Amino acid sequence: MTVQAITVTEAAVARIKNLLRQDGKGAIGIRVGVRNAGCSGMTYTLEFASEKNADDTVVEHQGVTVVIDPSAVIYLVGAEMDYEESKLRSGFVFNNPNEKGRCGCGESFHV
């Protein structure tokens, strides 16, 4: 059985489509990565993707492209990318079974 690198919720798809319409620079999708930062050690990164590299993992879902940096795949396999909006904040969130814990503010995680 092959496990998809990540799944993307309908809310995340809608937000990505909206962002790509507003971009105006010809982005092909969203690039997801992981970097060392925060009090728990790692944080998710998101930016517009202008191209797909040969070693990227690409997830295409409902007309959007999510490009995953090669170094991030190991941390994201099985994760769900969602978009949440409330009165106080909005943003992409990751429901990631690989996380072993998060910092108090929720901005960083460790595996």
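Here are some notes:
- Annotation: amide H-H contacts under 5 Å for T57 (H modelled 1.01 Å from N, sequence separation of 5 or more, or interchain): I68.
- Under the Karplus curve 6.51 cos²θ - 1.76 cosθ + 1.60, θ = phi - 60°, whole-Hz ³J(HN,Hα) for the range 60-72, x wherever Gly or Pro sits: 10, 8, 6, x, 10, 10, 10, 9, 10, 4, x, 6, 9
- Once the C-beta distance of V93 and Q4 is scaled by a Förster radius of 22 Å, the resulting FRET efficiency is 0.75 to the nearest 0.05.
- With a cut-off of 14 Å between beta carbons, the residues surrounding T7 carry a summed charge of -4, where Lys and Arg count +1 and Asp and Glu -1.
- Ordered from longest to shortest, the equivalent ellipsoid semi-axes for the range 6-99 are 19, 18, 13 Å, each the square root of 5 times a Cα gyration tensor eigenvalue.
- Each of G78, T9, I28 was placed along the dipole of the range 6-99 (beta-carbon charges, centred on the mean Cα), and the one lying farthest toward the positive end is I28.
- Given charges at beta-carbon only (K, R positive; D, E negative), |dipole| of the range 6-99 in Debye: 320 debye
Read the figures in this text as sums done on the coordinates, not as results from a lab. Model, not experiment: these values are computed from the prediction. With ideal geometry, Cβ positions are generated from the backbone for all residues, glycine too; neighbour counts draw on all protein chains shown.
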